[in-house]
Amino acid sequence: TALFAPDIEEEANSHFQRIYTSEIEIERVIQMLKGFKASTNQREQEVFACMIHNLFDEYRFFPRYPERELLITGKLFGSLIQHQLVSSITLGIALRYVLEALRKHNRSNMFKFGMCALEQFKSRLVEWPQYCHHINQISHIRESHKEIIDYIQRALSRSTQAGAGGQEPQQQGGG
């Protein structure tokens, strides 16, 4: 059985078609998805859910994508994380997919996908110190992408400082 009605699938696919033919920019797609996610219109919510589902479902085929399409997908994927359009379990899966891609050979298209996605949400890295540690352990990133490692180091030092200061209000909040 299909997860989504045929007309929902068709609309979701038409949006992807417009993305890959450069008819619509990722930024506009993200704005549209934000609207759909927050919408009270059932159909828009379903198109949102369908687009997210299909994108994640496609992940296993990403290695077969041509480089241009994969970089577009990386930008879209990273933007979903950056703009908090995926959360909880889906966010965890998205972060894992990016990390898996970053661990691939640094000349592979999947690695390029991972770097492209990471670039979109790097301002949120401070929220995930453990994730930063995983990225730091990838030797080819340490060797060839010093700028991202430096960025992560700064993010980690900020999160450590924030963590030390962030403890106090929580203790006071119990009263």
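Please work out if residue 40 is over 25 Å from residue 160 (Cβ atoms), open to solvent by less than 20 Å² (accessible area, probe 1.4 Å) and either at pLDDT 95 or above or outside any helix (DSSP H, G or I) (or both).
Criteria not met by residue 40.
Evaluated against (1) open to solvent by less than 60 Å² (accessible area, probe 1.4 Å); (2) assigned to a loop (DSSP other than H, G, I, E, B), residue 54 falls short on exactly one condition, (2).
Okay, residues lined up against (1) open to solvent by 60 Å² or more (accessible area, probe 1.4 Å); (2) out of contact with any helix residue (DSSP H, G or I) (no Cβ under 6 Å at 6 or more places or on another chain); (3) more than 15 Å from residue 26 (Cβ to Cβ); (4) not in a helix (DSSP H, G or I):
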site: 68; (1), (2), (3), (4): yes, yes, no, no
site: 78; (1), (2), (3), (4): no, no, no, no
site: 90; (1), (2), (3), (4): no, yes, yes, no
site: 107; (1), (2), (3), (4): yes, yes, yes, yes
site: 110; (1), (2), (3), (4): no, no, yes, no
site: 117; (1), (2), (3), (4): no, no, no, no
site: 126; (1), (2), (3), (4): no, no, yes, no
site: 148; (1), (2), (3), (4): no, yes, yes, no
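Here the condition is being outside any helix (DSSP H, G or I), open to solvent by less than 40 Å² (accessible area, probe 1.4 Å), modelled with pLDDT of 95 or more and among the β-branched types (Val, Ile, Thr); of 47, 86, 29, it holds for 86 alone.
Within the range 95-105, how many residues are open to solvent by less than 30 Å² (accessible area, probe 1.4 Å) and not in a helix (DSSP H, G or I)?
Result for the range 95-105: 0.
Within the range 1-26, the set of residues being assigned to a helix (DSSP H, G or I) and open to solvent by less than 40 Å² (accessible area, probe 1.4 Å) comprises 8, 12, 15, 16, 19, 26.
The values are calculated or read from the model by the stated rules, or taken from the named source; none is laboratory data. It should be emphasised that the depicted structure is a prediction, and the values quoted were computed from it without experimental measurement. Note that we place each Cβ from the backbone using ideal geometry, even for glycine, and neighbour counts take in every protein chain shown. Note: areas computed on protein heavy atoms with side chains; ligands, DNA, RNA excluded. Shrake-Rupley method; radii C 1.70, N 1.55, O 1.52, S 1.80 Å.
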